[in-house]
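Step one of this worksheet: look at the structure below.
The values are calculated or read from the model by the stated rules, or taken from the named source; none is laboratory data. Everything numeric here is computed off the predicted structure, so don't read it as measured data. Counting neighbours? That spans all protein chains shown, and the Cβs are built from the backbone with ideal geometry, glycine included.
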Amino acid sequence: MTVPANPAPLMELRGVKASYGRIEVLHGVDLVVPRGEVVALLGPNGAGKSTTLLVATGQLPASAGCVHIAGRHANGVRADALARMGLCTIPEGRGVFRNLTVRENLRMASYSGVDEDLVLERAVARFPRLGERISQVAGTLSGGEQQMLAMARGLATDPALLIIDELSMGLAPLIVAELYEIVAAIARDGVSILVVEQFARTVLGVADRAVIMQHGRVIAAGIPADIEAELSAAYLGASS
């Protein structure tokens, strides 16, 4: 199969607006996730990051603008259909089944049609600690181990685009650093990744590009080094 010289981005939002009732919360958001790159979506609470994710993953309709997944128009496409197109989301709070064992959590991923043995093999290869906890109830794992389990379950579907929402939430800095090393390794394997983070510095070390949101708008986008001033002024609270 011939690969286009300039393949379409895995995800692209163009002029996206979105509302809750009569209140517009996104005011023309542009966002691109190129193939094989890590993009960090940054901004303080209330910036519009979560709403942007809801639109991008088919959970909230855009009131204006376009959503494209792998070059295909995706406005109005349901979340399950987007998953079949290669999009996988690791939600804030990790979303593991706390009353099931690690093995049983991973088995859930096999219901998408992936062989269960292959799911377990991939999970343990990338996250050896899960192999040590394979029979342990997920609710008794540490926060970092639960995040690993959520990521392993998502990666079992072999996604083209992985969206991770607030990976660092509630975790110690050393664990966050370890998890972001894993994110970088996943990207090197060819998976495009959109990471939503409130704490910018935790992700910029692995990000190819960064997008800063404030008050429902994108105020800066580029490689991390190029948006340092905007990051300090608008995101970290320095004087503008």
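Taking (1) touching a residue at least 40 places away in the same chain (Cβ under 8 Å); (2) out of contact with any helix residue (DSSP H, G or I) (no Cβ under 6 Å at 6 or more places or on another chain); (3) of a type in the set (A, V, I, L, M, F, W, C) in turn, L118 satisfies each apart from (1). The residues listed here are A152, A74, A138, A125; of these, the one that is in the same structural domain as V211 (by TED's automatic domain parsing) and either in contact with a helix residue (DSSP H, G or I) (Cβ under 7 Å, 6 or more places away or on another chain) or not β-branched (V, I, T) (or both) is A74. The residues in the range 18-59 that are in a loop (DSSP other than H, G, I, E, B), surrounded by 15 or more Cβ atoms within 10 Å (Cβ to Cβ) and not β-branched (V, I, T) can be counted, and the count is 9. Restricting attention to the range 134-177, the residues that are at pLDDT below 90 and among the acidic types (D, E) add up to 2.
Restricting A62, A125 to those that are buried (at least 16 other Cβ atoms within 10 Å of the Cβ), of a type in the set (A, V, I, L, M, F, W, C) and out of contact with any Phe, Trp or Tyr (no Cβ under 9 Å at 6 or more places or on another chain) reduces the list to A62.
How about the range 101-122: which of its residues are more than 24 Å from Q59 (Cβ to Cβ) and not in a helix (DSSP H, G or I)?
T101, D115
Filtering the range 163-197 to residues that are within 14 Å of the chain's Cα centre (by Cα), surrounded by fewer than 17 Cβ atoms within 10 Å (Cβ to Cβ) and under 23 Å from L13 (Cβ atoms) leaves nothing.
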